[in-house]
Every structure is written in structure tokens, then in C-alpha cells.
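Report on the structure given below.
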Amino acid sequence: MTTSFDPDGFFARSMYSLSLAELDEDQRWSTWPETAHTLDRGPQPFPDWVVQHDGAIDTELGILKTGKEADAFLIDRALPAEQLTGAPGEASLLVAKRYRDPDQVTFHRSSAYAEGRRGKDSREARAIAKGTAFGKQVAAGQWARAEFDVLGRLWEAGLPVPYPVQILGTELLMEFIGTDDEHGAVAAPRLQETSPDPATAERWARLMREAVIDLAALGLVHGDLSPYNVLADSRLADPDPVIIDVPQTIDLIANPHGTEFLRRDCRTMCTWLRSQGAPPSAADPEEWVAAAWRGWEVR
């Protein structure tokens with residue numbers, strides 16, 4: 001894979017920066033130019049809101065979520081204020097998911113979830129299994145890359161996931177799912193944080209069943225699907241589910257635990273949906289599993 005560095009873009013950005021004041025401590029120059037001519041950008045064509053200007057600035061607005069393996073930050077990527085015209089692609093909010101330093105985290109899920117994945121380096125695989133410092137560093141990069149690659153694949157297949165903008169090292173930048181108005185930016189709530197009426201719960205059950213089937217048609221299982229890993233897209237009048245946290249996605253066939261993970265995903269989601277008023281016929285985990293297998297067979 002090509003390294004995530006473009007000398008031409010870096011030079012252009014450096015020259016541009018000479019004409020501007022120093023950045024604040026919570027700012028940096030956009031890292032978009034550093035991903036030029038690599039596989040480190042999201043699927044094309046890029047959405048019109050993606051900021052591609054070399055002179056854009058990334059401003060860290062705060063932390064959105066802390067996790068066992070990574071933290072998520074809210075980033076404002078925008079041209080300097082005096083250059084803004086209101087056109088698409090001049091400013092956007094992003095989520096920066098940063099996988100932690102290997103000394104601060106144990107990638108405890110690696111062994112079970114990674115079965116069936118094709119590894120290019122047996123030394124790296126052994127190091128990850130042993131939990132060495134080198135193995136943890138490799139794991140951090142692999143989980144970030146895995147999430148970026150899976151998000152791109154799911155986005156292209158039409159599944160409800162955030163658009164993956166870019167990856168640089170162990171930092172993944174993706175679409176911010178939430179609202180932004182005069183009161184500030186507010187991230188979309190997780191399903192667990194909502195109290196849908198029965199009609200909404202039934203609609204979400206239908207949409208989540210479709211997502212599980214579409215994943216299976218790609219030969220994939222989320223592996224950790226729950227109301228904690230699905231957002232209710234608050235940008236819509238009637239919020240639809242948006243699936244997040246996909247680095248552990250399972251190969252349904254190659255992973256010997258594929259069926260087990262599929263059943264668990266379906267059972268977890270259906271249990272919550274029924275608790276919110278979805279009828280058993282719409283949130284039947286065994287029916288979801290059977291439908292997922294049919295989706296894989298007819299792909």
C-alpha cells in the first residue's frame with residue numbers, strides 16, 4: 001500500500017501556511033493532502049461536503065466518546081473564515097476516531113474476531129496473539145484500517161453507515177452523524193438513549209433486519225451489533241438507524257464463529273426492539289438469522 005504522504009501537497013500546504021498566523025493549540029492543518037495518491041481516502045466520487053482544500057484547518061472541538069480501544073473527537077475541518085463563501089466542500093464536521101497508544105489498551109477482541117481474516121505477516125499475527133508491545137502497535141493499526149476498509153465497503157453497498165473520509169496512521173476520520181445549528185453541534189443519540197414509540201420501533205426493526213441481510217449478502221456479520229452501536233440519525237425528521245463501530249466485522253463463512261456472532265447480533269437487537277414495542281413478528285431473531293443466510297445464498 002502506498003504511504004500516506006504526498007510531498008507536493010505537503011509543500012503547497014506549507015507555503016500557504018507561511019502567509020497565515022500560527023494555529024491555536026487545538027488546531028492543525030488539514031491532513032487531507034497527506035492522503036493524496038493513496039488508498040487512504042473514502043470511496044469516490046467524494047460527497048460534495050468533503051473538504052478537499054489544501055489550506056483547510058482542522059479544529060478539535062471536544063471529545064464525543066471514550067472507548068476501550070479508541071476515543072472519538074469532534075473535528076471542524078474548514079477553510080479560514082475570510083475564505084468561506086458558503087459553497088459545499090468549504091467546511092464540515094467530522095469524527096476523528098483515534099485508536100489509543102498500545103501501552104494504554106489491550107486489544108482483547110483480536111483473537112476471536114480475527115479468525116478467518118487473511119493475514120499477510122505471520123510474525124505480526126503471532127505478536128498480536130502474544131500481546132507484545134509490537135503486537136499491540138500492529139493491532140491498533142489493523143483495527144483502524146479494518147474499520148476504514150469495512151466502512152468504505154458498506155457505504156458503497158448502500159448500508160446505513162457514516163462515510164469514511166480518510167485514514168492516517170491510527171486516526172480514522174468519518175462523517176459526523178448529528179445536527180449543527182446556532183446552538184452548536186449535537187451528536188445523534190444511540191438507540192439505547194432513545195425511547196421510540198411502537199411504530200418507530202417496528203420501522204427500525206424492519207430497517208435493521210434489512211441491514212443484517214445486506215451485511216450477510218456481503219459475507220459479513222457486524223459482530224457487536226447492539227443499540228449501543230447504532231445511532232438514530234437526528235438529521236432526519238423521522239430518524240433512521242445508522243450503524244457504527246465496525247472494526248470487528250466478521251467474515252460469515254471463513255470465521256468459525258460466524259454463525260454464533262450472527263445469532264448474537266440478531267438476538268441482541270431483537271430483544272431491545274421488542275422491549276420498545278416492536279411486534280415479535282418484526283423482531284424475531286431466528287427469522288432474521290434465516291433471512292440473513294438466504295441473503296448470503298442468493299448474492
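The values are calculated or read from the model by the stated rules, or taken from the named source; none is laboratory data. As the structure is a computational prediction, the values presented were derived from the model and not from experiment. Here the Cβ is made from the backbone with ideal geometry for all residues, glycine too, and neighbour counts use every protein chain on show.
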Output the number of the condition that residue 249 fails; it satisfies all remaining conditions of (1) free of Cβ contacts under 8 Å to residues at least 24 places away in the same chain; (2) crowded, with 21+ Cβ neighbours inside 10 Å; (3) among the polar types (S, T, N, Q).
(1)
If a residue must be at pLDDT 55 or above and either in a loop (DSSP other than H, G, I, E, B) or within 22 Å of the chain's Cα centre (by Cα) (or both), how many such residues does the stretch 81-113 contain?
22
Among the residues of the stretch 60-77, which ones are of a type in the set (Gly, Ala, Ser) and either under 13 Å from the mean Cα position of the chain (by Cα) or part of a strand (DSSP E or B) (or both)?
62, 70, 72
Taking the conditions exactly as written (in a helix (DSSP H, G or I) and out of contact with any helix residue (DSSP H, G or I) (no Cβ under 7 Å at 6 or more places or on another chain)), does residue 215 satisfy them or not?
yes
Let me confirm something: among 185, 199, 217, which residue is under 29 Å from residue 145 (Cα atoms) and out of contact with any Lys or Arg (no Cβ under 9 Å at 6 or more places or on another chain)?
185
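Condition check ((1) touching a residue at least 60 places away in the same chain (Cβ under 8 Å); (2) assigned to a loop (DSSP other than H, G, I, E, B)) across all residues:
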{"site": "223", "(1), (2)": "yes, yes"}
{"site": "234", "(1), (2)": "no, yes"}
{"site": "253", "(1), (2)": "yes, yes"}
{"site": "267", "(1), (2)": "no, no"}
{"site": "273", "(1), (2)": "yes, no"}
Tally of residues being at pLDDT 95 or above, part of a loop (DSSP other than H, G, I, E, B) and either crowded, with 16+ Cβ neighbours inside 10 Å or polar (S, T, N, Q) (or both) across the stretch 18-35:
2
Does residue 224 meet the test of being crowded, with 21+ Cβ neighbours inside 10 Å, within 18 Å of the chain's Cα centre (by Cα) and among the charged types (D, E, K, R)?
no
Would you mind telling me which numbered condition in (1) surrounded by 21 or more Cβ atoms within 10 Å (Cβ to Cβ); (2) under 23 Å from the mean Cα position of the chain (by Cα) residue 233 fails?
(1)
Restricting attention to the stretch 167-212, and to residues there that are assigned to a loop (DSSP other than H, G, I, E, B) and of a type in the set (Ser, Thr, Tyr), which single residue is farthest from residue 156 (Cα to Cα)?
195
